[in-house]
1. Of all the residues that make up the range B:79-94, how many are within 13 Å of the chain's Cα centre (by Cα) and either more than 17 Å from B:A16 (Cα to Cα) or free of Cβ contacts under 8 Å to residues at least 60 places away in the same chain (or both)?
2. Restricting the search to the range B:66-87, which residues are away from every other protein chain (no Cβ under 13 Å) and buried (at least 24 other Cβ atoms within 10 Å of the Cβ)?
3. Among the residues in the range A:116-124, are any out of contact with any Phe, Trp or Tyr (no Cβ under 8 Å at 6 or more places or on another chain), aliphatic (A, V, I, L, M), touching a residue at least 24 places away in the same chain (Cβ under 8 Å) and part of a strand (DSSP E or B)?
4. Can we say A:D109 is surrounded by fewer than 20 Cβ atoms within 10 Å (Cβ to Cβ), at pLDDT 95 or above and charged (D, E, K, R)?
5. So A:L22 fits all but one of (1) over 19 Å from the mean Cα position of the chain (by Cα); (2) assigned by TED's automatic domain parsing to the domain that holds A:I151; what number is the exception?
6. Where residues in the range A:20-52 are more than 7 Å from every other protein chain (Cβ to nearest Cβ) and among the polar types (S, T, N, Q), which of them is farthest from B:V86 (Cα to Cα)?
7. What strands (runs of 3 or more DSSP E) completely inside the range A:18-97 contain at least 1 residues that are acidic (D, E) and closer than 21 Å to B:R140 by Cβ?
8. Going by the structure shown, is A:L167 more than 11 Å from every other protein chain (Cβ to nearest Cβ) and in a loop (DSSP other than H, G, I, E, B)?
Amino acid sequence: MTPWCKSSLEQGVLLAYWLGELSETDEARTEEHLLGCAACSERLGELIALRNGVRTLARAGGVRAIVNDAFVRRLVEQGVRVREYRVPHNGSVNCTVTPEDDIVFTRLDAPLGGVARLDMVEMDSQGKRRARHEDVPFQTGSGGVVFIPRIDELRALPATTMRVRLLAVDEAGERVIGEYTFNHTPHAAD
Amino acid sequence: MLKTESESPPDDAALALRVARAAPGTDREAEAELYRRLAPRVRLYGLRHLRGEAPAADLMQQVLLMTIERLRAGALRDPQQLASFVLGMCRMVVLDLKRGHARRERLLETYGDVLLPGEALTPSPDRARLMECLERLTERERTVLIMTFYDDVPAETLARELGLSAANVRVIRHRGLQRLRACVTGEQS
């Protein structure tokens, strides 16, 4: 192993290099450094391992996240088995998850014009709050929010009703943007 | 690991010099050590440019065999320029691999006995730990990291998709990565 490193590459530079964001000159400089420096190349290896772990989890529905339509399209194009639910504004949906599904994702139609910050609140059938996700990412013109729940949590659910509320938050307080009901039924084994 | 008389390992340039100065093929110990050190680095270059384990492993073998071949032939005048020398070969082989030309068989026939198994990349972090650490991120950090890593999406593209500025995506990405890494490695509770 190289015993020293003249100027250690920052994590941000390593990631930018991996993603192809550096200029041609910076990329060449970075590559020469990496080929001559065991310590920095080890850190790049760790970064790639972390990326691989996140990627594997995401492919297997192992992480809850707000995403977008482009991300779902990529999943489908790459052969991930996706179950999709689209819930109209203030509407409801009957839903389940089967053993064949890799990922379940839900699109909540919502009027997001003029919204600065959006929070998502998960509630049980009685309206009792289970979780509040603050400042979820959204695109104003997208007409809704796309989210992926963890598939292991969905598989463990009994027959139940859940609600999700979208809240716009600003200095004046908060207002309800939309409320959505999920009537979940566990998959019946054949 | 190879040690000098003073018991500190020689640097890459010193090893390259030993290979170059020895009669061709006689300092197998130095060649093997140089191979062991450079293999993971060249493999990462291959992963970056070829985006696959198999072509990266191919690149690694070809580049290292060519490096040793050229060192034996005295083609590297300044051993301090070893990284630049290897980078030149990486670029050439990537072009070759992309064109579908391979000189691997001939090289393997001549230099195959120098080959050692390539070192495995760092294993992915524990799945349960990673799930827990991802949950600890803010919504925006989690979204940006997942969408970045899933398909190696650069900040400019992600910014357009999320309606953010590229600078904003980079800031969120940087902060999220720092926190995720610290959590996974146990640097934070």
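1. Residues meeting the conditions: 3.
2. Residues satisfying the conditions are B:I68, B:L71.
3. Yes, there is a match, as at least one residue in the range A:116-124 is out of contact with any Phe, Trp or Tyr (no Cβ under 8 Å at 6 or more places or on another chain), aliphatic (A, V, I, L, M), touching a residue at least 24 places away in the same chain (Cβ under 8 Å) and part of a strand (DSSP E or B).
4. In short, yes.
5. Going through (1) over 19 Å from the mean Cα position of the chain (by Cα); (2) assigned by TED's automatic domain parsing to the domain that holds A:I151 one by one, A:L22 breaks only (2).
6. A:S23
7. Qualifying strands (runs of 3 or more DSSP E): none found.
8. no
The values are calculated or read from the model by the stated rules, or taken from the named source; none is laboratory data. What you see is a predicted model; the values in this text were computed from it and never measured. Note: ideal-geometry Cβ built from the backbone for every residue, glycine included; neighbour counts use all protein chains shown.
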